Amino acid sequence: MAKIPVTIDDKPLEVETGRTILEACKENGIEILTMCHLEGIGDVGACRLCLVEIEGINKLLPACTTKVAANQVIKTKTERLKKYQRITTELFFAERNHICAVCVADGNCELQDLGYKVGMDHVRFPYLFPQANVDTSHPMYVMDHNRCIMCTRCVRVCSEVEGAHNWGIKNRGIEVRVISDFDTPWGDSTTCTSCSKCVNVCPTGALWPKTVVQGQLVKQPKMVSELVAKRKMNL
Amino acid sequence: MKKKKIGTVWLGGCSGCHMSLLDIDERILEVVKLADIVKCPIVDQKEFPQVDVALVEGSVTSDEHLHELLHVRKQATCLVALGDCAVTANVTGMRNYLKKEEVLNYAYVEAASNDKEGKMPQHPALLKLHEKVVPLQEVVHVDYVIPGCPPSADTIFYVLAELLNDRVPNLEQERKLKYG
């Protein structure tokens, strides 16, 4: 595979063509904040945390969906980016009802960890306190829309890896919601195979098994990444 | 150095943050070397006095809390939001998705323990609940925040020690950030 020269954070690098900026950073030990990205499923650039600055381009571009091009000069850790990462994180918390004290994922939550990483001690925006439902109709799992950050990992893993296409999305903006089938109760789904992949890849306490209580949730998002990698081996 | 004054107040919260404050145990002796605790929920004094550091637990849920918080803001040089309720509204904010009347009705009239004889309390001396519960920073300027439900005693002691020694605490740098 042909290699092209790029500069990331003042480091001159040789990267294979066709790689995304995120892949190039990972291969070279450059850390980038991500939330909607998960190894093994397709990237959509939903969370905007991996935005990077590219010299000569006015707007910030997501590292997960932007491919490297020859002689690009990329910056991943500028003050401007850090400012936006903090704002993005605060907006996640302000948009829905994230109450860590009563959440199953407390202490094992990618959103909490993100808050600590960007140094969020409080949210500077007014909380929206939207009315969001909790769907407990599935015999084994719960979907709590209060805690959903619309990363759409569940939607993608369900269609791309399980092939069930149970999860979808309705509405736009702050009205946006993840839906089961045609916006019917999850328990009534004719497509869900109860495989638990969505539950394991969900970064927050939005999807969880009924067997856990507050602070007890342990997720295995890497389980999906490993499964996808093994399938590609054609054993 | 002149001895400083600390005051603490408990608004819309569960007192858990004050319990966590007590959990600093013998380190309270370090604190009282540097400052007098002139007001807290067990000090019998009506008005919140002038202080250098005010620790405010809980969110703003009613006219009484709003009045008290505005008063504390005037009296305090440094106002610290103590705990998740003060910083994010937390559990106290969970009634924000419902109408105030629904919440009151459920607590006083419909609750099973009321044996169908429950009445809405109407006494004029009672506080009036606001329609929405909000964290402190939506009402007054907050100088410092300590998130956590409750914040750990170590974190509270760290912040107090820094403030009383005229330093600015940095929870991020000290890896002491915690929600929930």
Within segment A:95-135, of all residues that are closer than 25 Å to B:Glu174 by Cα and of a type in the set (A, V, I, L, M), the one nearest to the other protein chains (Cβ to nearest Cβ) is A:Ala101
By residue number, the members of segment B:102-149 that are at pLDDT below 95 and within 14 Å of chain A (Cβ to nearest Cβ) are B:Glu102, B:Val103
The condition of being buried (at least 19 other Cβ atoms within 10 Å of the Cβ) and at pLDDT below 95 holds, among B:Leu160, B:Leu171, only for B:Leu171
request  = For segment A:69-82, indicate whether the set of residues that are under 19 Å from A:Asp113 (Cβ atoms) and assigned to a helix (DSSP H, G or I) is non-empty.
outcome  = yes
Residue pairs within 6 Å by beta carbon, gap of at least six or interchain, first lying in segment B:49-69 and of a type in the set (D, E, K, R), second assigned to a strand (DSSP E or B) and open to solvent by 20 Å² or more (accessible area, probe 1.4 Å), listed first then second, are B:Asp52/B:Lys4; B:Asp52/B:Lys5; B:Asp52/B:Thr77; B:Glu57/B:Trp10
So, first residue buried (at least 24 other Cβ atoms within 10 Å of the Cβ) in segment A:191-206, second residue of a type in the set (Gly, Ala, Ser) and not in a helix (DSSP H, G or I), Cβ within less than 8 Å, six or more apart or across chains; the pairs are A:Thr204/A:Ala105; A:Gly205/A:Ala105
With criteria (1) in a helix (DSSP H, G or I); (2) of a type in the set (A, V, I, L, M); (3) more than 12 Å from every other protein chain (Cβ to nearest Cβ), B:Val159 comes up short on (3)
Residues in segment A:100-127 that are in a loop (DSSP other than H, G, I, E, B) and more than 21 Å from the chain's Cα centre (by Cα) total 6
Note on B:Ile6: of the conditions (1) modelled with pLDDT of 95 or more; (2) within 30 Å of A:Val102 (Cα to Cα); (3) of a type in the set (A, V, I, L, M, F, W, C), unmet is (2)
Within segment B:27-46, the residues that are without any contact (Cβ under 8 Å) to a residue 60 or more places away in the chain, more than 16 Å from B:Cys78 (Cβ to Cβ) and more than 16 Å from the chain's Cα centre (by Cα) are B:Ile28, B:Leu29, B:Val32, B:Lys33, B:Asp44, B:Gln45, B:Lys46
Counting only residues that are open to solvent by less than 30 Å² (accessible area, probe 1.4 Å) and closer than 23 Å to A:Val161 by Cα, segment A:43-53 contains a total of 2
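May I ask you to say which residue of B:Leu21, B:Leu70, B:Leu29, B:Leu55 is at negative phi, more than 14 Å from chain A (Cβ to nearest Cβ), touching a Ser or Thr at 6+ places or on another chain (Cβ under 6 Å) and not small (Gly, Ala, Ser)?
Checking each option against the conditions leaves just B:Leu55.
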Filter segment A:12-30 for residues that are open to solvent by 30 Å² or more (accessible area, probe 1.4 Å), touching a residue at least 24 places away in the same chain (Cβ under 8 Å) and not small (Gly, Ala, Ser); the one that is nearest to A:Val155 (Cα to Cα) is A:Arg19
Quiz item: Is it fair to say A:Gly56 is on the phi > 0 side of the Ramachandran plot, assigned to a loop (DSSP other than H, G, I, E, B) and open to solvent by 50 Å² or more (accessible area, probe 1.4 Å)?
Solution: yes
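Tell me, which strands (runs of 3 or more DSSP E) lie completely within segment A:145-235 with 1 or more residues that are assigned by TED's automatic domain parsing to the domain that holds A:Leu114 and of a type in the set (S, T, N, Q)? It would help to see each step written out before you state the result.
Details: elements: A:167-170, A:177-180, A:207-209.
So the answer is A:177-180.
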When segment B:55-84 is checked residue by residue, the ones that are among the small types (Gly, Ala, Ser) and over 9 Å from the mean Cα position of the chain (by Cα) are B:Ser62, B:Ala76
Looking at the structure I just gave you, is A:Asn71 in contact with a Phe, Trp or Tyr (Cβ under 7 Å, 6 or more places away or on another chain) and either open to solvent by 20 Å² or more (accessible area, probe 1.4 Å) or more than 25 Å from A:Leu227 (Cβ to Cβ) (or both)? no
Out of curiosity, is A:Glu95 surrounded by 16 or more Cβ atoms within 10 Å (Cβ to Cβ), over 29 Å from A:Trp167 (Cα atoms) and not small (Gly, Ala, Ser)?
no
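The values are calculated or read from the model by the stated rules, or taken from the named source; none is laboratory data. Note that the structure is predicted; figures quoted are calculated from it, not measured. Methodologically, a virtual Cβ is constructed for each residue, glycine included, from the backbone with ideal geometry; neighbour enumeration extends over all protein chains shown. Remember, those area values only see protein heavy atoms, side chains included, never the ligands or the DNA or RNA. Shrake-Rupley method; radii C 1.70, N 1.55, O 1.52, S 1.80 Å.
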